Structures are given as structure tokens and as C-alpha cells.
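The values are calculated or read from the model by the stated rules, or taken from the named source; none is laboratory data. What you are looking at is a predicted structure, and each value in this text was computed from that prediction instead of being measured. Cβ: placed from backbone, ideal geometry, glycine included. Neighbour counts: every protein chain shown. Calculation scope for accessible area: heavy atoms of the full protein, side chains included, ligands and nucleic acids excluded. Shrake-Rupley method; radii C 1.70, N 1.55, O 1.52, S 1.80 Å.
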Amino acid sequence: QELVLAIAQAKMDHLVRQMESGEISREELPSRFNTNNSDGDDDDDDEWILLTGDQVVTCDGHILEKPQSIEEAIQFVERYPMHPPSTVGSCVLHHYPSGIRVSGVDRATIYFQTSLQASTLVQTLVDQGDPVLSCAGGLMVEHPLVQEHLDRIDGTQDSVMGLSKRLVLELLQEMAEKLKQKQT
């Protein structure tokens, strides 16, 4: 958990430095969606909520990267029925320019059926041109062929896929509360 949060924080630090140095220009940033600014003051247009994150797949105490070969993907997937993989994802929100920052971590564990035949599944995905070698852990849970072998997910599918909507919404709420406190 500490690793993914530290990486997301470092990404945010880099992004904020780019904004402060002008490396990222205002023109590259989205404009405000709601411009109900009755006094004509455009200062609020200089506010953004920035989001960074990171995610790792863990299995049996090891961090799984993107497999380097089909054989390695099969080795990863062979472990899954006995050692359910987990995703650990982090999210950092930063209010620019106030510097208010909130962050959190979400974990989801994927349980596969014991009947999973790793080599058959991986080879079928490869034969269909699916991105086995470009996914950490070698599988995408949203793929119909993978879903056939799932027992359950403790957590949410969006968390497994890379960004927990629940976590983002919680952090947005926390950010709103901190911004309110700052205004009073």
C-alpha cells in the first residue's frame, strides 16, 4: 500500500511542479465546466482538481508486472486459483493552487475457480489478439473469457481495472470538506 501511494504522490509532485513552472500551460488545461460567476471575476478559472494514481497486482507476496512472455503469463495465471491475486490502487487529489491534497488506497482481491486451466486460457486470449503481455498480472478481469473463470471479486471491478470510483468519490467529498473549511 505504501508503494502505490508513494508513487502516486511522486507523480502528483511532478505534475504540480510542471504547472508551477509553466511547463504545462493554462491552454493545455480544461476550462471550468460551470461558469456561473456572477461578478465577472475569472480568478476561479485558475482552480483545478488534479488526479494521479498508481496500481500494482500482487500474488502470493509478489508484485506482478506485465509478463515478459507467454510462458510467464501462464506461470502467473497458474498461481491464481490457489493464491488469489489482488490489485492495490492509490489515488491522490490535489487542489491547485491551494495545495490541499487528499489520498487513499483501495484493494480488490480476485478469486478464480479451481478448474482454471491457465495455459488454455492464456493461449486462447493470445490467439484472439488480446493484450496478455500488456496487462499487469497477464489478465483483464473485464474480458468475457476471463470472467467465465472468476469465482468472485472482493472489491469492485473498476478498482481491479485501475481506478476505484468509490475511492475517487470519497476523496472528492473529503476535498470538498477541506476546501469549505479553508474558506471559513
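A few remarks follow.
- Estimated at the nearest 10 Å², the accessible area of residue 154 is 70 Å² with a 1.4 Å probe.
- Looking at the chain, the accessible area is 59 square angstrom per residue; that uses a 1.4 Å probe and ignores ligands, DNA and RNA.
- Spin-label pair residue 178-residue 151: with each label point 7 Å from Cα along the Cα-Cβ axis, the two points sit 3.9 nm from one another.
- Relative contact order (%) - criterion: Cα under 8 Å, at least six apart; region: segment 43-184: 28
- With both labels modelled 7 Å from their Cα along Cα-to-Cβ, the residue 62 to residue 117 distance reads 2.4 nm.
- With Cα atoms, 0 to 90° folded angle of helix 70-79 axis to the chain main axis: 90
- Listed residues 109, 156, 124, most fluctuating in the chain (Gaussian network, C-alpha, under 10 Å): 124
- Among the protein heavy atoms of the chain, carbon and sulfur supply 49% of the accessible surface, probe 1.4 Å, non-protein parts ignored.
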